[in-house]
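The values are calculated or read from the model by the stated rules, or taken from the named source; none is laboratory data. None of the values given here were measured: they were computed from a predicted structure. Neighbour counts run over all protein chains shown; Cβ positions are idealised from the backbone, glycine included.
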Amino acid sequence: MAKLYIKTQKLNWLTFYLLSEIKYLKKKNFTMRIYCKKCKEEIVKLPLTEEQKLDIYVLRQNNSVLSLEKKLIDDFNLNSDEARAIISHLNKRRDCCVVCEAETLNGEFTECPDCGAFNYNLEEPVFNIEFCSHLEWSLDFDRVEHEDIEYYVQSFWCDGIMHVPEDPESLLYKNLEKHKQIITKAWIGNGGENIYEMKIKFGKKSLNHYKNRKSLIDCIPKANEQEKWITLDVNRRRIEVQLK
Ligand SMILES: [Zn+2]
Ligand SMILES: [Zn+2]
């Protein structure tokens, strides 16, 4: 009986050892490390799917550092030092170095030519902060369609458009292709102070640009180019814009 017990124990230990070895090898196999010349740390380079990139992008844009750390630890089997090292090399603005802020980065997982720091520099959706600020400045309330005659909307202006929508998944091309719109928030009013639900509808050109990761800025209709591309509902605090 005792012999059998020892045998089982041995077998348990062996299984445990083999499993941890497999886990270690699996981790080693999937992780490459890159040396950062600036801080002399080794940073894990993660193989990321489109969905994972988007999740990381959204958490980074929202400055949710703790959730980001938890996600990296849980999803990629990292320890907290490895997760923190990634976060400190995850630049928030595309092509802008996380250390020296020079806008000289080129491509993903790259070294800053100015200071030598390693940057994740992940590709971001073309629906981004740059596009949203262009759209914000293009909203001409003189030419807007609206039915609420009691409002004098000509003096309205837009004080910001949220570049991370309520449903971040709507930023994935497969979802945009299906729904052809992104719904976000915009600040609009005489002082740009009211929160509006903004529906951004995609036309043929903008869908094509999105698919090919080309900037959406020239898909914003210019003055006199397209009639009625902005519809405003002041009572329900909703705005709709139609891209080209
Ligand atoms: Zn570094
Ligand atoms: Zn730099």
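Numerical summary
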quantity	calculated
Any hit, the stretch 162-178, residues being part of a helix (DSSP H, G or I), away from ligand 2 (no atom under 16 Å from the Cβ) and more than 19 Å from the chain's Cα centre (by Cα)	yes
Residue in the stretch 57-79 that is more than 13 Å from ligand 1 (Cβ to nearest atom), exposed (fewer than 15 other Cβ atoms within 10 Å of the Cβ), part of a loop (DSSP other than H, G, I, E, B) and not polar (S, T, N, Q) present	no
Matching option when the condition is under 25 Å from His209 (Cα atoms), of a type outside the set (Asp, Glu) and within 16 Å of ligand 2 (Cβ to nearest atom), among Leu105, Leu139, Leu135	Leu105
Matching entry among Thr31, Thr15 (being at pLDDT below 90 and under 27 Å from Cys115 (Cα atoms))	Thr31
Any chance Leu139 is modelled with pLDDT of 95 or more and not assigned by TED's automatic domain parsing to the domain that holds Asn62	no
Verdict on Glu82 being modelled with pLDDT of 95 or more, part of a loop (DSSP other than H, G, I, E, B) and among the charged types (D, E, K, R)	no
Checklist (1) at pLDDT 90 or above; (2) surrounded by fewer than 13 Cβ atoms within 10 Å (Cβ to Cβ); (3) part of a helix (DSSP H, G or I) applied to Gln154, failing item	(1)
Filter result (surrounded by fewer than 16 Cβ atoms within 10 Å (Cβ to Cβ) and away from ligand 1 (no atom under 15 Å from the Cβ)) within the stretch 108-128	Glu108, Glu123
Within the stretch 98-107, tally of residues that are away from ligand 1 (no atom under 16 Å from the Cβ) and among the small types (Gly, Ala, Ser)	1
Any hit, the stretch 160-176, residues being crowded, with 17+ Cβ neighbours inside 10 Å, of a type in the set (Gly, Ala, Ser), in the same structural domain as Trp229 (by TED's automatic domain parsing) and more than 16 Å from ligand 1 (Cβ to nearest atom)	yes
